[in-house]
Structures are given as structure tokens and as C-alpha cells.
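Written out below as C-alpha cells is the structure these notes cover.
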Amino acid sequence: MVSAEQLDMEVMTPLMEEAGGEEEDVDVDEDSEHLPRGITFTQTLLHLLKGNIGTGLLGLPLAVKNAGIVLGPVSLVLMGVVCLHCMHILVNCSHQLSERFKRSPLGYSETVAVAMETSSSQCLRKGAHFGRHLVNFFLVLTQLGFCSVYFVFLAENIKQVMEGARPNTSAETVLLYSNSSEEGAVSPDTPSAAGLDLRLYMVFLLPFIIVLTFIRDLRNMAVLSAIANLCMAISLILIFTYILHDVSDPRSLPYASTWRKFPFFFGTAIFAFEGIGVVLPLENQMSEPKRFPQALNIGMGVIIVLYVTLATLGYLCFRDDIKGSITLNLPHDSWSNQLVKVLYSFGVFVSFAVQFFVPAEILVPPVCERIRKSWRQTADLSLRAVLVCLTCVTAVMIPRLDLVISLVGAVSSSALALIFPPLVELMAFPSQPPPPLLLLKDLSIATLGFIGFLAGTYVTVEEIIYPDDQGQTHLRDHGNWTTPTTSPP
């Protein structure tokens, strides 16, 4: 019986092959003979779910708040349908180009490069090599962005668990540090002033995560991965159990938010649909690739329903107090709620190694090849540690979970999920110019992605530099840690 982590390794392999070039294809093929070939329909569905369910899911209730109780769920469904369509575009273009030029199954960056090579434009043909590296750049940026999000998520949840477990804690003595520039305004005369700064928790986590990323073969993490998946599933069940007991009247909430907040919704929502990077690897490794569109439709359908349900119910439960992760809203006076944070944090901790695997395998080997053989292992571990430190520094610089999720989503996820696929379809279309309706459809999707990229990046960076009142709030312990009070000027 093939372990889940062996299958994860196979799914990751085509992503790594993209960094190597044609000379490495032979070695990869020889090594692949020792790996189990062909994943089943059910395994494909499970990988699709695993590839899309992560920290982004827990941030969707805040995304709905930033869009409105009516506009948010509707926009989430529409964005899910558009992302699903772009996934189909990517798979179809990869098939067409592979069959037309009699080439082996193509990964994401190879699909973009071959599409540019077949273009009627000489400028695009010359830029095919750049196109391949551009997609690899966004793949690496996205994966490292996920890792930065994980740092903030782990620090936030561990901080609440640790401080919630303290005995004799009261509303007068427990004060959570905010991540704003005014956190130094807390009076030093306050007894037991506050818990440790959130960024210190990130620093404490750093050595443990570095050691985790030193595991270079994901097969060695098979047991941990299986336990992590189970922990995250149990956490989601407990979250739904809690929020279903306190659903407020949706008519008392704004149906649509302001245009200025909507880009935050876009960044968080597109971050949540983070699975486009595994679509081609999954399809290429499926034992029955003709059934992949069906698996993709079913898997993404389940994901969209899960997203909309948790996002809407989470917002209805916590209303304006909703935070960057719904786990941060769960009261600390219940063991089950604390268990949710512990279990999901463990799942995210293990997931860090999986998300880190792709950028490490793309960036580390080319550098190690230029170093003397006796120093390669040291260089390998050192580079991995440097990359982890880079993600930690990013998290320390942007220690607000909602902002780092929105920034990663707007900057990198929008390009991979919405901008590149429709442009590839236009370049890969057999007859040039493409039909007007196809041209209009693809340009509309790419334009939507580009506008989301610009607007999402702008408002998020502005919020990081000039935080509004949301970033200036402290949370006092009133039994549930969810009642915000604005800091005095």
C-alpha cells in the first residue's frame, strides 16, 4: 500500500523538474521508475482538497466582512468558478501543446514557455525562456509567502493558547499586544502587563522550523503528515460545531462593504484558492488522466461549498469582531476551543515542510552545484536555514495575519491563478488570431486578475505603512478574547 507522503512526493516531482531543464529529464525519468506510478481518482480528490485547504480557509470569514454579507459569498462563488475555469484552461493547454509537439507532460512553467515559443509574435518567442523563469519565480514567491503566513498563524495561535492557560488570569491583567506601532503605549504599571510580544513567538518557533526543513525527503514525514491531516480535519469539525450554535441575523449586517475594503477580500479569497500549482502535477500523475476534469470539478465544488459555508457562518457568528483566522475568535475558556488551536497549529507546522519543499528544490540545487563537493551538504542546510529566516523576517515585519494573507494573495496568487492561464490559452490557440469571444473572455479574466493585483497590493501595503483603527486595537480578556477596544489616542 502506497503511503500518503509517497504520493505527495510524486505530486511535487513535476514542479521540481521545471527548474532543471532538458538535461535533467533523463535522470528524473530513471529515478521515477522506483516511485509508484499513477494515483487513483479518489487519491486525486484528496490531493485537491489538501492543496486548497489551509490557513486561507480560516481567513475567509474576515474576507466576507470586507466584502459584505451578500456580496462576499456571491463574489466567493464567482471567484471559485473563475479559478476552476482557469485550472481547466491550464490543463487543456498543457495537453494540446504536449500532443502537438510530441513532448512529455508539461508542468506549469513549461506550458507557458512552449506556448510562447509557438506564438506568432517574434517578441513572445524570444521571451519564452523569460516566461519559464517568471512562472517559477511566482511559484517560489507563492510557496515562501505561504510559509510566512504559517509563521504568523502559528505565533498568533500559540500565543493565545499559552496565555489562555495561565492561572488567575483576569480582564484587568491579561492584555494581548496588538501588532501596531502603538503597542509601546501600554502602561508599564499594569500588573502582569501583557504576554510576550507576538514577534517573540515567531523567533522562538524559528529553530524548530529550521530543523523541520532539514528533512529533505518527504517520505520520512509520512506518519507526521497523516497525523497532521487528521488534526486539521478534527479542528474544522470542532469549529463548525461551535459557530453553528451562535448564528446571528444576517439582516443586521451590511450587505456590501465599501470599495476600499473589497481589495482585501480579493487578496484573501485568491490566497485561499491556492491549489493551481498542484493541478498539472496531479493530472500528470493520475492513472486515468481523462477523468481528471471530473475530479477537478468535484473537488473544487466541494471546496467552494466549504469555503462559502465557513466564511458566511463565521462572519455571522463573530460579526465585526472576526479576526484574520477564525481560530483566534474561539473563546479560551473551553478545552475544545484550545484543542482546535493546538491541533490546527500542529497541522500547519507539518505543512510548512511540504510548502517549503518546492522552493528549496528549485533554489538550493543550482547553488550547491557551484560549490565544492565536500561543502555541498553544509551549503544545502545553510541555504535552507537562510530561506526559513527570510520567511520569518517577512512575518516579523508584517505581524498581522490578515495583511500578510492579503498581500501574498494579491501579489503572487493572482498571477498564477488568474493572469497566466488565460494568456497562455490565447498564445496556444491553434488558429491565430483567436475567436473574438475567446479573446474577450480571456482578456477579461486577465484584466480582473491584474486589477486585483494592483488594488490588493496597494491597499495592503498602505495598511501596513499607515494602519487604520483595526490595526490599533487591543483585545482585553472578557471571557472570550473577542471584544475589541480602541486604544486611546
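The values are calculated or read from the model by the stated rules, or taken from the named source; none is laboratory data. Computed from a predicted model, the values in this text were never measured in an experiment. Please note: Cβ atoms are built from the backbone with ideal geometry, for glycine as well, and neighbour counts cover all protein chains shown. Protein only, heavy atoms only, side chains kept; ligands, DNA and RNA dropped before computing areas. Shrake-Rupley method; radii C 1.70, N 1.55, O 1.52, S 1.80 Å.
A few points about this structure:
- A single entry from Ser109, Ser98, Ser120 fulfils the requirement of being in a helix (DSSP H, G or I), farther than 22 Å from Pro359 by Cα and among the hydroxyl-bearing types (Ser, Thr, Tyr): Ser98.
- All told, Ser192 meets the bar of being modelled with pLDDT under 90, open to solvent by 70 Å² or more (accessible area, probe 1.4 Å), in a loop (DSSP other than H, G, I, E, B) and among the polar types (S, T, N, Q).
- Residue match in segment 228-244 (condition: under 21 Å from the mean Cα position of the chain (by Cα), modelled with pLDDT of 90 or more, of a type in the set (Gly, Ala, Ser) and under 23 Å from Leu57 (Cβ atoms)): yes
- Leu330 at negative phi, crowded, with 23+ Cβ neighbours inside 10 Å and at pLDDT 90 or above: yes
- Whenever a residue of segment 287-310 is small (Gly, Ala, Ser), its partners that are assigned to a helix (DSSP H, G or I) and open to solvent by 70 Å² or more (accessible area, probe 1.4 Å), lying with C-beta atoms within less than 9 angstrom and at least six residues away or across chains, give the pairs Ala295/Thr42; Gly299/Leu46.
- Qualifying position, being over 20 Å from Asp217 (Cα atoms) and either charged (D, E, K, R) or modelled with pLDDT of 85 or more (or both), among Arg376, Arg370: Arg370
- Counting only helices (runs of 4 or more DSSP H) that sit completely within segment 233-325, those holding 2 or more residues that are open to solvent by 30 Å² or more (accessible area, probe 1.4 Å) correspond to 262-272, 292-318.
- Taken over segment 361-381, the criterion of being among the small types (Gly, Ala, Ser) and open to solvent by 60 Å² or more (accessible area, probe 1.4 Å) is satisfied by Ser374 alone.
- Test: residue in segment 396-406 that is modelled with pLDDT of 90 or more, closer than 22 Å to Gly56 by Cα, surrounded by 19 or more Cβ atoms within 10 Å (Cβ to Cβ) and of a type in the set (Ser, Thr, Tyr): yes
Rundown of residues vs (1) outside any helix (DSSP H, G or I); (2) touching a residue at least 60 places away in the same chain (Cβ under 8 Å), yes/no style:
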{"residue": "Val350", "(1), (2)": "no, yes"}
{"residue": "Arg370", "(1), (2)": "yes, no"}
{"residue": "Arg376", "(1), (2)": "no, no"}
{"residue": "Leu381", "(1), (2)": "no, yes"}
{"residue": "Val388", "(1), (2)": "no, yes"}
